[in-house]
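Structure first, commentary second.
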Amino acid sequence: MSPESVRLKIAEVSLATVAPETLPGWAAGALVAGLDTPAMRELAGSPPSEADEARRLLDQAASELGIAVPDLPECRRLLVNQWATQIVAGDLPPEVGARRIWVQSSEARANGEAAPDAWLAFANDASDWDELPDRRSEIRASIVSAAQSLVRDE
């Protein structure tokens, strides 16, 4: 586990792609991996039901580790890049990753954030996935290609 994994966890919680109730278990793993701070220890021992406190402790642990807490646009970029990397590696089904990226692109634009144009290709492919089932192999290849471009350009 690396400092970048802390930033990714903050991004996941900020964008509600994981439940904050999972943070104590994640923090326990972070401690085992050597990311030991007072706030991380407190987070690992906190009750899963205290979501707001868990989020505060996660941000505090990041600060104690000297890790900048990402803002929402950076959270989106971190997760989109993670999903693109997972698509390329074969760890995330392309259609699932494309839908996730589409959602983040839509939410970014709805919040007045500038979402990269490269994210739009995923929106088109995610939409086509449901509407054109006979072209799924072609759509899957298009998603993987878009993910490769995104990872390469990052």
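Some notes on this structure:
- The phi torsions of segment 57-73, fed into the Karplus equation with coefficients 6.51, -1.76 and 1.60 and a -60° offset, translate into couplings of 5, 4, 4, 5, 4, 4, 4, 5, 8, x, 9, 5, 7, x, 7, 4, x Hz, rounded to whole numbers, with Gly and Pro shown as x.
- Karplus-based coupling profile of segment 78-84, in residue order and whole Hz: 4, 5, 4, 5, 5, 5, 4, with θ = phi - 60° in 6.51 cos²θ - 1.76 cosθ + 1.60 and x standing for Gly or Pro.
- Under a model in which nothing but the beta-carbon of Lys, Arg (+1) and Asp, Glu (-1) is charged, segment 33-154 shows a dipole of about 200 debye around its Cα centre.
- Taking the chain as a Gaussian network of alpha-carbon nodes connected by springs under 10 Å, the highest mean-square fluctuation of the residues W119, W102, W26 belongs to W26.
- Segment 56-92: trypsin sites (Lys or Arg not before Pro) falling in loop per DSSP and having at most 14 other Cβ within 10 Å: none
- Counting other Cβ atoms within 10 Å as a rough exposure proxy, the listed residues D125, D59, D117, D91 run D117, D91, D59, D125 from fewest neighbours to most.
- Computed on the Cα atoms alone, the convex hull of segment 3-64 gives a volume of 65 cubic angstrom per residue.
- Order of D153, D134 under a 10 Å beta carbon neighbour criterion, fewest first: D134, D153
- With all pairs of different C-alpha atoms in the average, the Kirkwood value for the hydrodynamic radius of segment 27-137 is 16.3 Å.
- Cα gyration tensor, segment 98-154 - rounded (a/c under 1.5), prolate or oblate: oblate
- Dipole axis of the chain (+1 Lys, Arg; -1 Asp, Glu on Cβ), positive-most option in A114, M40, L72: M40
Taken together, the values in this text are just the output of simple stated rules run on the coordinates, not laboratory data. Being a predicted model, the structure only gives us computed values, none of them experimental. Methodologically, a virtual Cβ is constructed for each residue, glycine included, from the backbone with ideal geometry; neighbour enumeration extends over all protein chains shown.
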